[in-house]
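Following: one structure in structure tokens, then a few remarks.
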Amino acid sequence: MINLAIFASGGGSNGEKIHDYFKNNRHIKVNCIVVNQPNAGIIKKAKDWNCAVILIEKQEFYSSNAISTQLKERGVDFIILAGFLWLIPQHLLNAFPQKILNIHPALLPNYGGKGMYGMNVHKAVFEAKEKESGITIHTIDEEYDKGQILFQKSVNIKNCSSPEEIAAKVLVVEHENYARIIEEYINQ
């Protein structure tokens, strides 16, 4: 059995889609949810799924390898970032080499880097008057949004009149593709 740890900071719509995608899978399952916000919406969802929740604190996350150890003890094989906003520390990169995946709400390398997440990305895309945006699913390395690109999908946004409309269109594409690409990557 391949065990996934989903890292999230917010409501968890991508985490929920990933959980739903794998809940009846015989080879891959969501082992735990790791959150850095004690009021993250995904916590309630995880409890509804009877899934373990691990709350992390920033100083410990960066100053010790406690979370790496805890995940290894739980048998976690892959880390899936689903709206997790902290840079991944070196100890996790070492413990899970090429086994940490992220989804970015734009077509990298454009609109990536520190501070470029969520609505910040969609506002920048809107202000640049782009005709398309999309998603990028990639591995994680030492820098924000610089890992190996595994998958990209564009979406036409030329008729969008706000960053919120762009966000809604991009989220649909995220939900349609992230879990499938995770499965393909694991099974390669």
field: Top-ranked residue in region 81-95 [being closer than 13 Å to Ile56 by Cβ, of a type outside the set (A, V, I, L, M) and not in a helix (DSSP H, G or I); ranked as nearest to the chain's Cα centre (by Cα)]
entry: Phe84
- prompt: Of the residues in region 97-112, how many are among the hydroxyl-bearing types (Ser, Thr, Tyr) and either under 15 Å from the mean Cα position of the chain (by Cα) or in a strand (DSSP E or B) (or both)?
  reply: 0
message: Restricting to region 112-149, name every residue that is over 28 Å from Asn94 (Cβ atoms), in contact with a His (Cβ under 8 Å, 6 or more places away or on another chain) and not small (Gly, Ala, Ser).
response: Val121
query: Any idea how many residues of region 5-33 are in a strand (DSSP E or B) and touching a residue at least 40 places away in the same chain (Cβ under 8 Å)?
result: 7
Criterion violated by Gly115 - all others in (1) part of a loop (DSSP other than H, G, I, E, B); (2) under 19 Å from Asn36 (Cβ atoms); (3) in the same structural domain as Val34 (by TED's automatic domain parsing); (4) small (Gly, Ala, Ser) satisfied: (3)
- prompt: Would you say Asp141 is of a type outside the set (Val, Ile, Thr) and at positive phi?
  reply: no
- request: Report yes if Ile28 is among the β-branched types (Val, Ile, Thr), outside the structural domain of His138 (by TED's automatic domain parsing), more than 19 Å from Ile140 (Cα to Cα) and out of contact with any Pro (no Cβ under 6 Å at 6 or more places or on another chain), otherwise no.
  value: yes
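The values are calculated or read from the model by the stated rules, or taken from the named source; none is laboratory data. Source: prediction; values computed, not measured. Neighbour counts run over all protein chains shown; Cβ positions are idealised from the backbone, glycine included.
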